[in-house]
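A.B. asks: What follows is a structure written as structure tokens; I'll ask about it next.
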Amino acid sequence: MKAIFQKSLIILALGCAVSGLAATNPIRLDTVGYLPELPKVASIAAGCTNFQIIRASDGKIIFSGPTSGAKLNADTGENLFAADFSACREPGIFQLEVPGVGRSPRFEIGTNAFTEAYRTTLLGMYLWRCGTAVSATFGGKTFAHAACHTNDAWLDFAGGGHTNRAANGGWHDAGDYNKYVVNAGVSVGVMLRAWEDFGGALAKVKLQLPPSRDGLPDFLREVKWELDWLLTMQAPDGSVFHKVSTVKFGAFILPEEEPAPRYFVPWGSAATADFVAMTAMAARNFQKYDPAFATQCLQAAQKSYQFLMANPENHPADQSEFSTGTYAVRDRDARLWAAAELWAATGDAECLHDFETRAKQAGSQIDAGWDYGNVKNLGELTYLFSTRSGRDPNLLATLRRNLLATADAIVATAAAHGYARPLGNRYSWGGNGTVARQTVVLHAAEKLSPQPAYRATALDAVHYLLGRNSYGRSFVTGIGFEPPLHPHDRLSAALNLDGPCPGRLVGGPRQRATDWVDLESDYTRNEIAVNWNTALIYALAEFVPE
Ligand code: 9MR
Ligand code: ZN
């Protein structure tokens, strides 16, 4: 009897593991926190009628209310009740209790509820630094490695024979140690947009970085680490190498121990256009702090833009010798973004015309879900919020209308979802990053038309990623309740500490809401990547108070 019972328990556990449905706490909420003045809603996957908010320090009930529902949440097949405690504004550490169901993990209510999480995601970027020794402490542990990939990189496959050309620095891309210009594009673009939108608040947050006398705000210093590498990716003719990579993905070893040579991959037009956009955007944003660097960036941008003008066709990089990440995208959006940024940096009429023509051709749409392959939002937002004169009033009006329409659609999608996931039931590789990136569009809409729903839905994205999801867990290493412990990450695996490198957003569910697993081998769901992290940084930055 006992044996049968145990066996059925094992089968139950296996069934859960296979379906990805762990037996989680049915009370799901943001396990980091809530902002006092903004909506606060938990989702409860169990029958209930009322709930209470309990103060952690003394167990006192400080708020109570009825739950509403149930409503069927289609993508998880759950009947979800909602507990709305928006009116509870007391700062402190709390748990949400549902009589007969249980208690949630602890969470904070406070104006600084997300500031530490924000800092940790920046630490996640620092730990991606290549070409240098890194060392950081988190949770009493030291995450460190020696200077890596100091021989970057060989020109064998990029028309230079067996010669070496410096391409040191930058961030490793993800759980692998390669460096890809196209993925740098959306990452740096979103970081600099965060700086433009929230720089006032971000400048005041001290990050855990090595001391430096460069006079830069910490946030920009981290971005410059990537930009300095990017500048090395420009060939003398203005074309930009697509990536620096080993031929095959390497083993799960420390980066400084990686034995395989790393090569430049030939130029591609998407990489070249992304490069123009990034360096032109950097020129604008670094001007105030490091004018010499800004000038260097601008000159690099202009040179590659000239190259693109002389080579107008889409040109995919030849990656035939490589089986590492491809980021093989068409150049259309990147060219549009490049034109917008170079115009914003210089006021150049040719660039303005280039952008406006491309924006009209693209239907002046603002995308709700976007990533490294469709970066036109970045160009359109730069154009929309520029203070430069000479813009086409009709295009401006269309872009404004489309921005609000897309933001309204995102708000509606979140409202219809049981966990208020702003991407609804759309899942794909890196979907968590796409959810985080939606906040860029929501915040842009808010700047145009300050409606509370835009800000609330941006915060819904954060809440989803930090625990208001069917797993009841945070998707960010080192942050919140039961965060991923086994991301697909070579550095975390090689360090083999009690817990992975902190501050990294995992890709998340890929085909179905319920298919995420905290399993190192599942690179399609549990990898980490700079484009997802920088999107999360933007999402959190919005909620770092001035
Ligand atoms: O994020 C990328 C995803 O959109 C693609 O479908 C996938 C397959 O090409 O690649 C993902 O990017 C990976 C890259 O190719 C290599 N480094 C790790 C990235 C995250 O998984
Ligand atoms: Zn490295």
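The values are calculated or read from the model by the stated rules, or taken from the named source; none is laboratory data. This structure is a prediction, so every number in the text was calculated from the model and none was measured. FYI the Cβ positions are ideal-geometry reconstructions off the backbone, even for glycines, and counts take in every protein chain you see. These accessible areas exclude ligands, DNA and RNA; they are computed on the full protein's heavy atoms, side chains included. Shrake-Rupley method; radii C 1.70, N 1.55, O 1.52, S 1.80 Å.
A.B. asks: Just subtract the alpha-carbon distance of Asn425 and Leu485 from 0.36 nm times their residue separation and send over the number in nm, one decimal.
C.D. replies: 19.1 nm
A.B. asks: Moving to a separate point now. Could you bin all the Cα-Cα distances of region 222-315 into 10 Å bins starting at 0 and give me the percent of pairs in each, rounded to whole numbers?
C.D. replies: The percentages, shortest bin first, are 16, 41, 28, 15, 1.
A.B. asks: Suppose a student asked you for the relative contact order of the chain, using Cα pairs under 8 Å spaced at least 6 residues apart; what percent would you report?
C.D. replies: 17
A.B. asks: Counting only heavy atoms of the protein chains, get the accessible area per residue of the chain (1.4 Å probe) and round it to a whole Å² value.
C.D. replies: With all protein chains present, the chain gives 38 Å² per residue.
A.B. asks: Hey, can you grab everything whose amide H is under 5 Å from the amide H of His242? Only 5+ residues off in sequence or another chain; H modelled, so Pro and N-termini drop out.
C.D. replies: Val265, Trp267, Gly268
A.B. asks: Separate question: Assign unit charges at the C-beta atoms only (+1 for Lys and Arg, -1 for Asp and Glu), then state the dipole size of the chain relative to its Cα centre in Debye, rounded to the nearest 20.
C.D. replies: Dipole about the Cα centre, nearest 20: 960 debye.
A.B. asks: If you don't mind, there's one more thing I want to ask. When the Karplus curve 6.51 cos²θ - 1.76 cosθ + 1.60 is applied with θ = phi - 60°, which whole-Hz ³J(HN,Hα) does each residue of region 363-375 get, with x for Gly and Pro?
C.D. replies: Per-residue couplings from phi come out as x, 6, 7, 10, 7, 7, x, 8, 7, 4, x, 10, 9 Hz.
A.B. asks: Still on this model: With unit charges on the beta carbon (Lys/Arg positive, Asp/Glu negative), name the residue among Cys148, Gly33, Met278 whose Cα is farthest towards the positive pole of the charge dipole of the chain.
C.D. replies: Of the candidates, Gly33 comes out farthest on the positive side.
A.B. asks: Using the charge dipole of the chain (Lys, Arg: +1 at Cβ; Asp, Glu: -1 at Cβ; taken about the Cα centre), state which of His488, Ser269, Thr457 has its Cα farthest towards the positive end.
C.D. replies: Farthest along the dipole direction, towards plus: Thr457.
A.B. asks: Identify all aspartates and glutamates with a Cα-Cα distance to Lys141 below 15 Å; exclude those on the same chain that are fewer than 8 residues away in sequence.
C.D. replies: Asp498
A.B. asks: Still on this structure: Obtain the nm distance between the two label points defined at Asn394 and Ala147 by a simple spin-label model: each point lies 7 Å from its Cα along the Cα-to-C-beta direction.
C.D. replies: Each label point lies 7 Å from its Cα, and together they span 5.8 nm.
A.B. asks: Take the Cα pairs of region 308-375, get the Kirkwood Rh, then feed it into Stokes-Einstein at 4 °C and 1.567 mPa s and tell me D in µm²/s.
C.D. replies: In µm²/s, the coefficient is 96.
A.B. asks: How much solvent-accessible surface does His443 expose, in Å² to the nearest 10, with a 1.4 Å probe and all protein chains in place?
C.D. replies: 20
A.B. asks: Right, here's the next one. Can you give the Rg to Rh ratio for region 273-324, taking only C-alpha atoms and Rh from Kirkwood?
C.D. replies: Rg/Rh: 1.14.
A.B. asks: Could you size up the charge dipole of region 138-288 around its Cα centre, putting +1 on the beta carbon of Lys and Arg and -1 on that of Asp and Glu, and report it in debye to the nearest 20?
C.D. replies: Rounded to the nearest 20 debye, it is 380 debye.
A.B. asks: Using the Cα centre of the chain as origin and beta-carbon charges of +1 (Lys, Arg) and -1 (Asp, Glu), tell me which of Leu216, Gly159, Asn526 is placed farthest towards the positive end of the dipole.
C.D. replies: Asn526
A.B. asks: Counting just the Cα atoms, what span does region 44-163 cover along each of its three principal axes? Round to the nearest Å and put the largest first.
C.D. replies: 72, 37, 22
A.B. asks: Same structure again: Run the accessible area of region 84-195 with a 1.4 Å probe and give the carbon-and-sulfur part as a rounded percent.
C.D. replies: Answer for region 84-195 is 49 percent, counting heavy atoms of protein chains only.
A.B. asks: Still on this structure, please answer the following. Out of residues 5 or more away from Cys148 or on other chains, whose amide H comes under 5 Å of its own, with H placed 1.01 Å from N in the peptide plane?
C.D. replies: Those qualifying (amide H under 5 Å, at least 5 residues apart or on another chain) are Gly131, Thr132.
A.B. asks: Here's a follow-up. Let me check I have the definition right: for region 451-537, take the eigenvalues of the Cα gyration tensor, multiply each by 5, take square roots. What are those semi-axes in whole Å, largest first?
C.D. replies: Taking √(5λ) for each Cα gyration eigenvalue gives 23, 14, 12 Å.
A.B. asks: Residue separation times 0.36 nm, minus the C-alpha to C-alpha distance between Lys248 and Ser323: what's the value?
C.D. replies: Difference between extended and current length: 26.5 nm.
A.B. asks: What percent do you get for the relative contact order of region 199-262 when only Cα pairs under 8 Å and 6+ apart count?
C.D. replies: Averaging sequence separation for qualifying contacts and normalising by length gives 18 percent for region 199-262.
A.B. asks: Sort 273-285, 165-177 for me by packing, meaning the mean count of neighbouring Cβ atoms within 10 Å per residue, highest on top.
C.D. replies: 273-285, 165-177
A.B. asks: In a solvent-free Debye calculation with one equal scatterer on each Cα, what is log10 I(q)/I(0) for the chain at q = 0.06, 0.09 Å⁻¹, listed in the order of the q values?
C.D. replies: Listed by q, the Debye log ratios stand at -0.29, -0.65.
A.B. asks: Each residue of region 506-519 in turn: what ³J(HN,Hα) in whole Hz from Karplus with 6.51, -1.76, 1.60 and θ = phi - 60°, glycine and Pro shown as x?
C.D. replies: These are the phi-based 3J(HN,Hα) values: 7, x, x, x, 10, 9, 10, 3, 9, 9, 6, 9, 8, 10 Hz.
A.B. asks: Which angle between 0 and 90 degrees, to the nearest 10, do you get for helix 181-202 versus the longest principal axis of the chain when only C-alpha atoms count?
C.D. replies: 70
A.B. asks: Now a separate question. Using all C-alpha to C-alpha distances in region 168-299, build P(r) with 10 Å bins and read off the rounded percent in each one.
C.D. replies: Over region 168-299, the share of Cα pairs per 10 Å bin runs 12, 40, 33, 14, 0 percent.
A.B. asks: List the residues, sorted by chain then number, that are 5 or more residues from Gly33 or on another chain and whose placed amide H is less than 5 Å from its amide H.
C.D. replies: Glu108
A.B. asks: Something else now. Taking the Cα atoms only, what angle lies between the long axis of helix 291-310 and the longest principal axis of the chain, rounded to 10 degrees?
C.D. replies: Orientation of helix 291-310: about 70 degrees from the principal axis.
A.B. asks: When Rg is the radius of gyration of the Cα atoms in region 58-111 and Rh is its Kirkwood radius, what does Rg/Rh come to?
C.D. replies: Ratio of gyration radius to Kirkwood radius for region 58-111: 1.01.
A.B. asks: Kirkwood Rh over alpha-carbon pairs of region 231-389, then Stokes-Einstein at 25 °C and 0.890 mPa s: what D in µm² s⁻¹, rounded to an integer?
C.D. replies: 149
A.B. asks: Give me the angle, in degrees from 0 to 90, between the Cα long axis of helix 332-346 and the longest principal axis of the Cα atoms of the chain, rounded to the nearest 10.
C.D. replies: 70
A.B. asks: Now for a different question. For Thr387 paired with Asp84, estimate the spin-label separation in nm (one decimal), with each label point 7 Å from Cα along the Cα-to-Cβ line.
C.D. replies: Label at Thr387, label at Asp84, 4.0 nm between them.
A.B. asks: Something else now. Name the shape class, rounded, prolate or oblate, that the alpha-carbon gyration tensor gives for region 112-198, where a ≥ b ≥ c are the square roots of its eigenvalues, rounded holds for a/c under 1.5, and otherwise prolate holds if a/b is larger than b/c and oblate otherwise.
C.D. replies: oblate
A.B. asks: Subtract the Cα-Cα distance of Lys447 and Asn164 from 0.36 nm times their separation in residues, and report this length gain in nm to one decimal.
C.D. replies: Full-extension gain reported as 97.2 nm.
A.B. asks: If you build the convex hull over the alpha carbons only and average its shadow over all orientations, what do you get for region 161-214? Give it in nm² to one decimal.
C.D. replies: Projected area, direction-averaged: 6.2 nm².
A.B. asks: Which percent of the accessible area of region 396-473 is formed by carbon and sulfur heavy atoms (probe 1.4 angstrom)?
C.D. replies: That fraction is 55 percent.
A.B. asks: Evaluate the Kirkwood expression for the hydrodynamic radius of region 110-157, namely the inverse of the mean inverse distance over all pairs of different C-alpha atoms, and round to one decimal in Å.
C.D. replies: 12.9
A.B. asks: Going 7 Å from the Cα of Lys360 toward and past its Cβ, which residues in region 391-411 have a backbone nitrogen under 14 Å from where you end up?
C.D. replies: 391-399
A.B. asks: Calculate, axis by axis, the spread of Cα positions in region 378-483 along the three principal axes, and write the results as whole Å, longest axis first.
C.D. replies: Largest first, region 378-483 extends 52, 27, 25 Å along its Cα principal axes.
A.B. asks: Got the relative contact order for region 297-358 handy, in percent, Cα pairs under 8 Å and 6 or more residues apart?
C.D. replies: About 27 percent, as a whole number.
A.B. asks: Related question: Using a simple spin-label model with points 7 Å from Cα along the Cα→Cβ vector, what separation in nm is obtained for Thr514 and Asp156?
C.D. replies: With each label placed 7 Å out from Cα toward Cβ, I get 4.8 nm.
A.B. asks: Follow-up question, since we're still on this one. What are the ³J(HN,Hα) couplings of region 257-270, residue after residue, when phi is run through the Karplus curve with 6.51, -1.76, 1.60 and θ = phi - 60°? Round to Hz, x for glycine and proline.
C.D. replies: Whole-Hz 3J(HN,Hα) from phi for region 257-270: 9, 5, x, 5, x, 10, 10, 6, 9, x, 5, x, 6, 5.
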